[in-house]
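The structure appears right after this line, and notes come after that.
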């Protein structure tokens, strides 16, 4: 089967880019062991181990699928592109509906979403939480295709503990930045440094929201902004350099890759528990109410001193998130489409 995996218009398909882009490239490489695979990226990419086609519009994507004799296309967060395709398609959803919107498609419009989904032959989401929510909201069945942990996070790391507390998500209020700043301001944290990665992607320059957050951070002497990691290896080292990682999101996280990757490098992780975060961290995740700064501070400080997960529980959890196990779930969706097509 010739399969084309497609990114979004927001970022090029690169390893080390955003979570979606990194997953797509990883799935493509693993699938290439058993399938004929190519990538379609809306922007030029440095990926060289696979054939990459660059498209500028959904209609051009359809033309590429036709000219390349593609048997099935895997779309990510863009169900509205399926009707341009000359072949069956699988939709994988990394986020809830608002993230599917484009200038010509309003994902808040349920009827438009349901119409777009009708063109997909299979649908899947990156967590059971998200799959269940989308199934209920869209009145259409979604399977689960779990993300994977990159090998860089599983390799032994010898890293100096540089940061007492680390926040390593996107620099957005909804990700819990206000709660991080309230935590830093709590008297219990007065001598504890909190590092925040200045992670702006997919925006190339700071937005008004980023500038507002930068100004708020500057008011707190025990909070520092650090450069975001430029590679998966560097990301693993940053997570490993913290005594504890915090994931305080106040919105319903579709999954929570930072939480999973923190478990992988062996750093205690304290989560808010929203959305798919409990799935991501498993039994190794320590849940705190970040809306209560004093209570959260006590949990975070305790985790920094005695929050390392039991090795067997950690290993059992990570076994569910290997690249092979993750890709097998996607491959099963493709096999279902192929069987359906050949039997009809």
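Quick rundown of the values:
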quantity	calculated
Nearest 10 degrees, 0 to 90: helix 19-31 Cα axis against the chain principal axis	50 degrees
If the convex hull is drawn through the Cα atoms of segment 258-311, its volume per residue in Å³	65 Å³
Packing-based ranking, highest mean first, of 290-302, 268-280, 51-63 given that Cβ atoms within 10 Å are counted	268-280, 290-302, 51-63
Ordering of 6-12, 71-77, 94-100, 111-117 by packing [mean C-beta count within 10 Å, highest first]	71-77, 6-12, 94-100, 111-117
DSSP beta bridges in segment 37-107 [antiparallel fraction, %, rounded to 5]	10 percent
Kirkwood-type radius of segment 215-344, with distances r between different C-alpha atoms, in Å	16.6 Å
Gap separating the Cα centres of segment 28-43 and segment 205-233, nearest whole Å	34 Å
Relative packing of 190-196, 119-125, 208-214, which averages over residues the other C-beta atoms within 10 Å, highest first	119-125, 190-196, 208-214
Stretch gain in nm, segment residue 205-residue 161, where the contour uses 0.36 nm per residue and the Cα spacing is subtracted	12.8 nm
Using distinct alpha-carbon pairs, which all enter the 1/r mean, Kirkwood radius of the chain in Å	20.8 Å
Theoretical FRET efficiency, 1/(1+(r/R0)^6), r = Cβ-Cβ of residue 341 and residue 316, R0 51 Å, to 0.05	0.85
With Cα atoms, 0 to 90° folded angle of helix 293-306 axis to the chain main axis	90 degrees
Using alpha-carbon coordinates, inclination of helix 208-217 to the longest axis of the chain, degrees	20 degrees
Fraction of beta bridges assigned by DSSP in the chain that are antiparallel (%, nearest 5)	5 percent
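Laboratory data are not the source of any read-out in this text; all were calculated from the coordinates shown. What you see is a predicted model, and the numbers here were worked out from it, not measured in a lab. For neighbour counting, all protein chains shown are included, and Cβ atoms are generated from backbone atoms with ideal geometry for every residue, glycine included.
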